[in-house]
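> Okay, handing you the structure first.
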Amino acid sequence: MTIIPILYLKSTLIASIQTELTDEEVLLFQSNLLKKNHKLNTKGVIIDVSTLDVIDSYMAKVLKDLTSMVKLQGSVFLLSGVKPAVSSTLVDMGMMLNNVETFLSLDQAFDYLSTKVQAKK
Amino acid sequence: MMNGMSPEVSEHVPICSTKDIVTARQKGRELAHCFKFSKGEQTRFATAISELTRNILTYADTGSCQFYVYTDKNYHTIMAKIIDHGPGIENPKLAMTDGYSSGNGLGLGLPGAKRLVHELSIKSEPGLTQIEITIRQKKY
Ligand SMILES: Nc1ncnc2c1ncn2[C@@H]1O[C@H](COP(=O)(O)OP(=O)(O)OP(=O)(O)O)[C@@H](O)[C@H]1O
Ligand SMILES: [Mg+2]
């Protein structure tokens with residue numbers, strides 16, 4: 001099983017998905033992320049997919065679900081670095097990721113969290 | 001469509017577990033890359049393969065994904081043939097409708113895959129489902 005490292009930095013969880021994951025690995029990642037976020041009470045969670053070439057409907061659904069789940073934990077979920085080929089594929093598939101907050105880069109996502117989102121007490 | 005031509009490359013990926021979905025779509029990407037399809041087309045082809053091979057695991061247990069590359073005077077054509085011996089698609093026309101799912105899926109797999117490739121054709125009966133998707137590219 002591929003384990004995706006999840007880093008904690010300035011009240012934020014950051015993970016970068018760089019290799020293609022099986023459905024089981026995606027689910028394991030999702031549950032690890034939620035556990036860690038529950039423990040650490042973060043401002044936000046950022047997932048960077050800037051090296052990922054395929055986001056299929058399964059992965060897209062997990063990202064959508066994560067948005068709601070992380071929100072229920074009181075944090076903000078941000079997705080960064082969706083490649084142009086991936087975004088056009090998702091739209092043509094009919095998977096809009098409408099409720100997912102996205103940024104061009106990890107840098108921008110992190111900036112947004114640090115400046116726009118209030119730290120929790 | 002490719003009647004009478006023998007493929008220049010053919011490969012075969014058995015689909016038995018979710019790991020094989022990843023293998024199949026990577027193979028599709030690789031082939032599209034080899035024949036100089038654009039990044040966008042590589043991703044679209046790989047994503048369509050992902051959807052169709054996942055349907056095998058969901059609805060038919062096991063199957064296979066076969067790749068064929070044909071080159072004629074003007075075009076490179078890559079075909080992925082996704083085959084299973086499960087119950088068959090009861091109503092292929094309905095299955096191609098956006099949002100139709102016999103289970104609790106989003107019903108985007110088949111119609112979505114069709115929009116990602118040049119051509120998609122379905123042959124299905126109990127015991128044999130065969131879906132062919134092709135992408136085509138002008139030779140340089
Ligand atoms: N290989 C197959 N064998 C039997 N039935 C199939 C097969 N592939 C698809 N179907 C049928 O066609 C329907 C539509 O498939 P499609 O992939 O579009 O949606 P889904 O799998 O239900 O949901 P999604 O792919 O969005 O998660 C399925 O619900 C199923 O009834
Ligand atoms: Mg499906």
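> Of the residues B:Leu94, B:Leu52, which single one is open to solvent by 10 Å² or more (accessible area, probe 1.4 Å) and of a type in the set (A, V, I, L, M, F, W, C)? Can you show your working first?
Details: B:Leu52 fails: open to solvent by 10 Å² or more (accessible area, probe 1.4 Å).
Matching residue, one of B:Leu94, B:Leu52: B:Leu94.
> Is it true that B:Tyr59 is within 14 Å of chain A (Cβ to nearest Cβ) and of a type in the set (Phe, Trp, Tyr)?
Numbers: within 14 Å of chain A (Cβ to nearest Cβ): no; of a type in the set (Phe, Trp, Tyr): yes.
No: the conditions fail for B:Tyr59.
> What single numbered condition from (1) within 21 Å of A:Asp53 (Cα to Cα); (2) open to solvent by 20 Å² or more (accessible area, probe 1.4 Å); (3) more than 11 Å from chain A (Cβ to nearest Cβ) fails to hold for B:Tyr68?
Among (1) within 21 Å of A:Asp53 (Cα to Cα); (2) open to solvent by 20 Å² or more (accessible area, probe 1.4 Å); (3) more than 11 Å from chain A (Cβ to nearest Cβ), the lone unmet condition for B:Tyr68 is (1).
> Since A:Phe77 meets every condition but one in (1) in contact with a Leu (Cβ under 7 Å, 6 or more places away or on another chain); (2) more than 25 Å from B:Thr53 (Cβ to Cβ); (3) within 14 Å of chain B (Cβ to nearest Cβ), which condition does it not meet?
(3)
Conditions (1) within 13 Å of chain A (Cβ to nearest Cβ); (2) among the hydrophobic types (A, V, I, L, M, F, W, C); (3) touching a residue at least 24 places away in the same chain (Cβ under 8 Å), marked per residue:
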| site | (1), (2), (3) |
| --- | --- |
| B:Ile83 | no, yes, yes |
| B:Lys123 | no, no, no |
| B:Pro126 | no, no, yes |
| B:Gln137 | no, no, yes |
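> Take B:Tyr140 and decide whether it is open to solvent by 50 Å² or more (accessible area, probe 1.4 Å) and either among the aromatic types (Phe, Trp, Tyr) or away from ligand 1 (no atom under 12 Å from the Cβ) (or both).
Numbers: open to solvent by 50 Å² or more (accessible area, probe 1.4 Å): yes; either among the aromatic types (Phe, Trp, Tyr) or away from ligand 1 (no atom under 12 Å from the Cβ) (or both): yes.
Here the answer is yes, as B:Tyr140 does meet what is asked.
> So which residues in segment A:20-49 are under 16 Å from A:Leu79 (Cα atoms) and either open to solvent by 10 Å² or more (accessible area, probe 1.4 Å) or in a helix (DSSP H, G or I) (or both)?
Once the filter is applied, which keeps residues that are under 16 Å from A:Leu79 (Cα atoms) and either open to solvent by 10 Å² or more (accessible area, probe 1.4 Å) or in a helix (DSSP H, G or I) (or both), segment A:20-49 yields A:Val26, A:Phe29, A:Gln30, A:Leu33, A:Leu34, A:Asn37, A:Lys43, A:Asp48.
> Next question, about the same structure. Quick one: count up the residues across segment A:7-19 that are open to solvent by 30 Å² or more (accessible area, probe 1.4 Å) and either away from chain B (no Cβ under 14 Å) or on the phi > 0 side of the Ramachandran plot (or both).
Residues that pass the stated criteria total 6.
> Also, I was wondering about something else. Quick one: is B:Thr58 among the polar types (S, T, N, Q) and either open to solvent by less than 40 Å² (accessible area, probe 1.4 Å) or on the phi > 0 side of the Ramachandran plot (or both)?
no
> From B:Ile82, B:Ile122, grab the single residue that is open to solvent by 10 Å² or more (accessible area, probe 1.4 Å) and near ligand 1 (Cβ under 10 Å from one of its atoms).
Result of the check over B:Ile82, B:Ile122: B:Ile122.
> So which residues in segment B:22-47 are more than 9 Å from chain A (Cβ to nearest Cβ), of a type outside the set (Phe, Trp, Tyr) and within 13 Å of B:Ala80 (Cβ to Cβ)?
B:Thr23, B:Ala24, B:Lys27, B:Gly28, B:Glu30, B:Leu31, B:Ala32
> Starting from residues that are among the hydroxyl-bearing types (Ser, Thr, Tyr) and not in a strand (DSSP E or B), keep the ones in segment A:1-19 and report whichever is nearest to B:Gln26 (Cα to Cα).
Ranking the qualifying residues of segment A:1-19, first place goes to A:Thr19.
> Within segment A:54-86, track down each residue that is hydroxyl-bearing (Ser, Thr, Tyr), touching a helix residue (DSSP H, G or I) at 6+ places or on another chain (Cβ under 7 Å) and away from ligand 2 (no atom under 16 Å from the Cβ).
If the condition is that a residue be hydroxyl-bearing (Ser, Thr, Tyr), touching a helix residue (DSSP H, G or I) at 6+ places or on another chain (Cβ under 7 Å) and away from ligand 2 (no atom under 16 Å from the Cβ), then A:Ser75, A:Ser80 are the ones that fit.
> Can you confirm whether A:Met59 is within 13 Å of chain B (Cβ to nearest Cβ), within 25 Å of A:Leu40 (Cβ to Cβ), buried (at least 22 other Cβ atoms within 10 Å of the Cβ) and of a type outside the set (Ser, Thr, Tyr)?
Against the criterion (within 13 Å of chain B (Cβ to nearest Cβ), within 25 Å of A:Leu40 (Cβ to Cβ), buried (at least 22 other Cβ atoms within 10 Å of the Cβ) and of a type outside the set (Ser, Thr, Tyr)), A:Met59 qualifies.
The values are calculated or read from the model by the stated rules, or taken from the named source; none is laboratory data. Values in this document were obtained by computation on a predicted structure and should not be read as measured data. Backbone-built Cβ (ideal geometry, glycine too); neighbour counts: all protein chains shown. Ligands, DNA and RNA are stripped out before the accessible areas are found, and what is left, the full protein with its side chains, is counted by its heavy atoms. Shrake-Rupley method; radii C 1.70, N 1.55, O 1.52, S 1.80 Å.
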